[in-house]
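To keep things clear, I will list the structure first and then write my remarks on it.
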Amino acid sequence: MRAGRIGSVRLPVPWDGVQPTRDGGYHWGGIDSAVAVAARGGVEVLPFLYGTPRWLARRPTTLPLSRRARGPWLAFVRAAVERYGPGGEFWAERTPGIVKYEPAIPRPKPIRVWQVWNEANFFYFAFPVSPSRYAKLLKLTHRQIKRADPRARVILSGLFGDPDEAGPRGMDAVDFVERIYRVRGIKSKFDGVALHPYAIRARDLMNMTEEMREVMLRHGDRRAGLYITEMGWGSEPNYNQVAFEQGIRGQVRQLRDSYRYLIGERRRLNLKGTYWFTWKDSEGFCSFCDSTGFFRKGERFRPKPAWHAFVRLTGGRPRP
């Protein structure tokens, strides 16, 4: 990633994985490893916090707003910020001159930006879909993050651009954000809006991005940043089954066209970051996740043409 001039990696921090039982404490091991590898490579981490444990709800997609779940959620949020934020215990354990962990991290990369939940407008991650319920969660979480790190930035859940579902199962991203802005006092509770503009082609990504920025401007939120926290196309030629899979050449074409637009318009859009999904092909997560990677699945790094196209855009190198 560093060779390819990637400056930030988005990392899931699943509450149900970190705290699987009520009395078992927090299990940060997997998160620690990922944050450490990124920091040693000079890459920042953008975490998204999500997933209610089974000891609090039957489904991880239930937002932790009940009287029973609210306290444990806020404790988890604060623990995460205090561990990985500036001066956090994670960095103290791995910084030379304090507690000796090998290998050390000579230049810590404390986390300063936190994303609250994932795709809160889509039943796959939040059910029922509700802008008002998400706004309540955002207010509570923002307060807790700021208590732990007053200079931290908070961004909205990455929102699925145009889900096929409706009602309690899905809502277009622009409609979801429009309704969030109508909640009194909500603008002060986030510093950025995040979009997942999955699309058939780059032109559709451009339209979704422009529409989202228009909503932000219409509500007088010019200073808020816009983040594309997921985007991507698959390399399998299964267009008739999954529209996001466009074949090897199609993946390169859509990547190149979308990034040229985002790079060219980044200042006008106040674009703070873009994140390709995903680094390597992965099966079992979604219908097109098995082919959206820059690299093919497996322990070895077997790059696709999309990786070389991406590196040409960044000015990086395909190999360290």
Of the listed pairs K187/K272; K109/K304; K109/K146; K109/K136; K109/K189, those with alpha carbons more than 26 Å apart are K109/K304; K109/K136
Quick calc, A34 & Y239: beta-carbon distance into FRET formula, R0 41 Å, rounding 0.05, result 0.80
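Rounded to the nearest 0.05, what FRET efficiency do D16 and I263 give with R0 = 35 Å and r taken as the Cβ-Cβ distance? Could you check? Don't skip to the answer; put the middle values down first.
On the way: r = 37 Å, r/R0 = 1.04.
Computed FRET efficiency for D16 and I263: 0.45.
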If the elastic network links every pair of Cα atoms under 10 Å, which of S282, S157, S33 fluctuates the most in the Gaussian network model of the chain? S33
For R143 paired with E82, estimate the spin-label separation in nm (one decimal), with each label point 7 Å from Cα along the Cα-to-Cβ line. 1.8 nm
Return the calculated 222 nm mean residue ellipticity for the chain, to the nearest 500 deg cm²/dmol, obtained by summing -39500 (n - 2.57) across DSSP H runs with n ≥ 4 and dividing by the residue count. -11000 deg cm²/dmol
Using amide H atoms built in the peptide plane, which far-off residues or other-chain residues are under 5 Å from R153 H to H? V113, W114
Out of residues 5 or more away from Y26 or on other chains, whose amide H comes under 5 Å of its own, with H placed 1.01 Å from N in the peptide plane? none
Under the 0.36 nm per residue contour assumption, what length would be gained going from the current alpha-carbon distance of K297 and R179 to full extension? 38.5 nm
Can you give me the long-range amide H partners of L11? Hydrogens built in the peptide plane at 1.01 Å from N, cutoff under 5 Å, separation of 5 or more residues or another chain. L46, F48
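Which GluC sites (Glu not before Pro) from the stretch 232-320 combine a DSSP loop assignment with at most 16 other Cβ atoms within 10 Å? Each step should come with its number before you reach the end.
Numbers: sites: E245, E265, E283, E299; in loops: E265, E283, E299.
Filter output for the stretch 232-320: E265, E283, E299.
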Length gained, R153-R218, 0.36 nm per residue minus C-alpha separation, equals 21.2 nm
Looking at the chain only, what percent of DSSP beta bridges run antiparallel? Nearest 5 please. 5 percent
Unit charges at the beta carbon, dipole of the chain: most positive-side option, W233, A199, S130: S130
Going by Cα centres, the stretch 199-215 and the stretch 116-152 are how many Å apart? 23 Å
Two pseudo-spin positions, 7 Å from Cα along C-beta at E283 and at A3, lie apart in nanometres by 2.7 nm
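For the chain, what Kirkwood radius comes out of the mean inverse Cα-Cα distance, in Å? Let's see the in-between values first.
Values: mean 1/r = 0.0491 Å⁻¹.
Value: 20.3 Å, from the Cα pair sum.
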At a Förster radius of 56 Å, what calculated FRET efficiency corresponds to the Cβ-Cβ distance of R54 and R201, to the nearest 0.05? 0.90
10 Å binning of all Cα-Cα separations within the stretch 132-254, expressed as whole percents from 0 upward: 12, 38, 30, 15, 4
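Every number here is computed from the coordinates shown, using simple stated rules; none is lab data. The model shown is predicted, which means the values in this text are computed figures rather than measured ones. No Cβ is skipped: glycine too gets one built from the backbone with ideal geometry, and neighbour counts run over all protein chains shown.
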